[in-house]
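Okay, structure first, notes after.
The values are calculated or read from the model by the stated rules, or taken from the named source; none is laboratory data. Because the structure is predicted, anything quoted here is derived from the model rather than measured. Here Cβ is always computed from backbone atoms with ideal geometry, including for glycine, and neighbour counts include all displayed protein chains.
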Amino acid sequence: MRRARQPLVDESSENFWPSFADLTSTVTLIFFVLMLLAYMQNLIAGRNLEAATRRLAASRQQISDAEMKLRLLGDQLRATTAEIEAGQNRLRVSEDRVEASARELANVRAKLQGIAVLRVDVLNKVKGALEEQLGAGAGAAAGGAPRVAVADNGNILIGESLVFEYNSYTIKPEGKRLLATLAQAFSRVLADPAVRENVDVILVQGHTDERGTSTYNRDLSAKRADAVLNYMFETDHALEQSYGAYFAASAYSEFRPLNPGKTEAAYEQNRRIEISVVLKDASVRGVIDEYMKTVGAPGTPPPAAPAVQAPAATP
């Protein structure tokens, strides 16, 4: 038998092609994996970039909001500063007004004090003239009660025993000399226009003690006050002619005692002639009206009027 002829095949060639195919597949697989990795990396990077973009946008928004809040805070700070400055300005204006009002009030107090001092000065001048007429040591009665004094309310007090006998309205010779001096003193005082400008009335008051009926005491006190005023005018006609409109007489009976006691000394102290200088209300109102017109305006207060301490009646 003839053998079939077998083709000549190179064994090395048969082994080469499968290896190349495997290599190609492997390279392709690697390339695919690399492409997949690159895609995934790009996908992740894109997502990260998107997230970073969102964060950046959020950060920018936060910065914008913060800038807006800062501007608002700045506006509020400027507004608050302006309000504080306005408040300080108003406070300075108020302080100036208070200071001006204080100066004006001091001015009013000085003027009112001047009016009060004028009244005390008039009474002290009259009292001094009476004491000069009475002489040293003649101003007290035997019982120790003062016969001429200036009371706490500024009125001149003349004890009954210096002018009248007990239960009488006839003026004693000693009382006539005293009343003549009193009339001259008032003439000198009222000659001052500044005094007359502020004096409303010089009131001569009659007072008794509580014993007896009020009707009798009222009649007696009225007659005593009239007797004192009439004699002053009789002894000094110029006083009545020039200044008679400034005088009046009144009766208080027993209703305004100086001493509420029930002793003889208390009764003697209550029986008296009391002379009061009443100032015009218009003088005080004028000072107040002047203040009300000028209140709030700056001014310089005048020097305070000197205080006059009126001697109190000895109980």
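Can you name the residue in region 163-222 that is within 17 Å of Phe233 (Cα to Cα) and of a type in the set (Ser, Thr, Tyr) and is also surrounded by the most Cβ atoms within 10 Å (Cβ to Cβ) among such residues? Looking at residues that are within 17 Å of Phe233 (Cα to Cα) and of a type in the set (Ser, Thr, Tyr), I get Thr181.
With respect to being more than 22 Å from Glu254 (Cβ to Cβ), modelled with pLDDT of 95 or more and either in contact with a Pro (Cβ under 9 Å, 6 or more places away or on another chain) or part of a helix (DSSP H, G or I) (or both), Tyr216 falls outside the description.
The residues of region 171-224 that are closer than 22 Å to Lys280 by Cβ, touching a residue at least 40 places away in the same chain (Cβ under 8 Å) and not aliphatic (A, V, I, L, M), listed by number, are Phe186, Ser187, Arg188, Arg196, Glu197, Asn198, Asp200, Gln205.
Here is a yes/no grid of residues against (1) of a type outside the set (A, V, I, L, M, F, W, C); (2) modelled with pLDDT of 80 or more; (3) loosely packed, with under 15 Cβ neighbours inside 10 Å:
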{"site": "Gln76", "(1), (2), (3)": "yes, yes, yes"}
{"site": "Thr80", "(1), (2), (3)": "yes, yes, yes"}
{"site": "Glu85", "(1), (2), (3)": "yes, yes, yes"}
{"site": "Leu91", "(1), (2), (3)": "no, yes, yes"}
{"site": "Asp96", "(1), (2), (3)": "yes, yes, yes"}
{"site": "Ala106", "(1), (2), (3)": "no, no, no"}
{"site": "Ala110", "(1), (2), (3)": "no, no, no"}
{"site": "Gly114", "(1), (2), (3)": "yes, no, no"}
{"site": "Leu118", "(1), (2), (3)": "no, no, no"}
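Filtered by the rule that a residue be in contact (Cβ under 8 Å) with a residue 12 or more places away in the chain and either assigned to a strand (DSSP E or B) or at negative phi (or both), region 249-264 gives Ala249, Ser250, Ala251, Tyr252, Glu254, Phe255, Arg256, Pro257, Leu258, Asn259, Glu264.
Yes or no: region 234-248 includes at least one residue that is part of a helix (DSSP H, G or I), closer than 19 Å to Phe164 by Cβ and not polar (S, T, N, Q). Yes, region 234-248 has at least one match. Hey, can you tell me all the residues within region 180-202 that are within 14 Å of Tyr243 (Cβ to Cβ) and either more than 46 Å from the chain's Cα centre (by Cα) or not in a helix (DSSP H, G or I) (or both)? The answer is Ala191, Asp192, Val199, Asp200, Val201, Ile202.
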